[in-house]
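Let me begin by presenting the structure, written as structure tokens, before commenting on it.
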Amino acid sequence: MFEKFSFNMGKKDKTNRDEQRDLKIPKHVAIIMDGNGRWAKKRGLPRIAGHREAMKTVKRVTKEADRLGVKVLTLYTFSTENWKRPKNEVDFLMKLPEQFLNTYLVELIEQNVRVQAMGDLSRLPSYTLKAVESAIERTKNNTGLVLNFALNYGSHAEIVDAVKTIVRKVQEQELVVEEVTEQVISQHLMCPSLPDPDLLIRTGGELRLSNFMLWQLAYTELYFSEEYWPDFDEQSLRNAIQSFAARQRRYGGLEKGSEKN
Ligand code: FPP
């Protein structure tokens, strides 16, 4: 399930063998990018300055995740609850995908990244939707890292939609109730082709999931960082992955070799 990958834990001496580790690299990393507003406030700047800075972090974390061998990176970019924010902030957040893709899409294409999105995209302003759809289209044949933006995404809404589709299929006799398994529910969520996240990172010091991928995170390893998202850098990502690599995932079972005790 995990690929072994060797990378240098220190930034300076790439040849120092003592710093090399064989790490289990999570296939799918999901991130709740929190703390943009507080990052800006600390500097006496408007909240939107934090969101602007956040785009640079998205770029460098994407690049580093790809370099380390992560296959899927899902980023919580805008939640179904974020509409409750002041209009000027929502407007600014809605312009970010276009701004981000205008600035970085060429580089992402060079990096062989495939852009995807999940969420109710129908409510997005046309310029946001156009930018996202164009990035998806232009990168659809790329075979590298999948960069999956959760945009107007909420886990409860996702599950409600899945349930409605399944109920309809039962009514139309495409499915019988006994056939509704965990796998069937998974297949009706928004990105059925992606594996569940192996590692969830939340920055900004809050310890909650905020309606993010609740079904898919059932057995995901959680990592909380105090750092605000704009401060999160390559080393921060490596620290999170190092923490992940040191854990034993048991999926409700027992640690290998301890069955007889
Ligand atoms: C949470 O911080 C962050 C968001 C609601 C927006 C996330 C958006 C980005 C990281 C920008 C990148 C976007 C693209 C398209 C690449 P917060 O505002 O809740 O921070 P706070 O908790 O300090 O107030």
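The values are calculated or read from the model by the stated rules, or taken from the named source; none is laboratory data. On a predicted model such as this, the values are computed, not experimentally measured, just so you know. Quick reminder, even Gly has a Cβ in these numbers, built from the backbone with ideal geometry, and neighbours come from all protein chains shown. With ligands, DNA and RNA removed, areas are computed over all heavy atoms of the protein, side chains included. Shrake-Rupley method; radii C 1.70, N 1.55, O 1.52, S 1.80 Å.
Summed over the stretch 217-230, the residues that are over 14 Å from the mean Cα position of the chain (by Cα) and surrounded by fewer than 16 Cβ atoms within 10 Å (Cβ to Cβ) give a count of 3.
Counting only residues that are under 17 Å from the mean Cα position of the chain (by Cα) and more than 6 Å from the ligand (Cβ to nearest atom), the stretch 32-67 holds 12 of them.
The residue that is nearest to the ligand (Cβ to nearest atom), among those in the stretch 105-118 that are surrounded by 20 or more Cβ atoms within 10 Å (Cβ to Cβ) and either among the charged types (D, E, K, R) or part of a helix (DSSP H, G or I) (or both), is LEU108. Cβ-Cβ distances below 9 Å connect the following pairs, each with a first residue in the stretch 159-171 that is touching a residue at least 40 places away in the same chain (Cβ under 8 Å), a second residue that is surrounded by 11 or more Cβ atoms within 10 Å (Cβ to Cβ) and assigned to a helix (DSSP H, G or I), and a separation of six or more residues or different chains: ILE159/ILE185. Within the stretch 91-102, being more than 9 Å from the ligand (Cβ to nearest atom) and under 18 Å from GLU64 (Cβ atoms) holds for no residue. If only one of LEU214, LEU121, LEU194 is surrounded by 13 or more Cβ atoms within 10 Å (Cβ to Cβ) and touching a Leu at 6+ places or on another chain (Cβ under 7 Å), which one is it? Result: LEU121 is the single residue among LEU214, LEU121, LEU194 that is surrounded by 13 or more Cβ atoms within 10 Å (Cβ to Cβ) and touching a Leu at 6+ places or on another chain (Cβ under 7 Å). If you check ARG208, ARG250, ARG202 for being open to solvent by 60 Å² or more (accessible area, probe 1.4 Å) and closer than 25 Å to ALA117 by Cα, only one passes: ARG208. For the stretch 77-89, filtered to residues that are part of a helix (DSSP H, G or I) and more than 10 Å from the ligand (Cβ to nearest atom), the residue that is least open to solvent (accessible area, probe 1.4 Å) is TRP83.
The set of residues from the stretch 145-164 being surrounded by 14 or more Cβ atoms within 10 Å (Cβ to Cβ) and either touching a helix residue (DSSP H, G or I) at 6+ places or on another chain (Cβ under 8 Å) or in a helix (DSSP H, G or I) (or both) comprises LEU145, LEU147, PHE149, LEU151, ASN152, SER155, ALA157, GLU158, ILE159, ASP161, ALA162.
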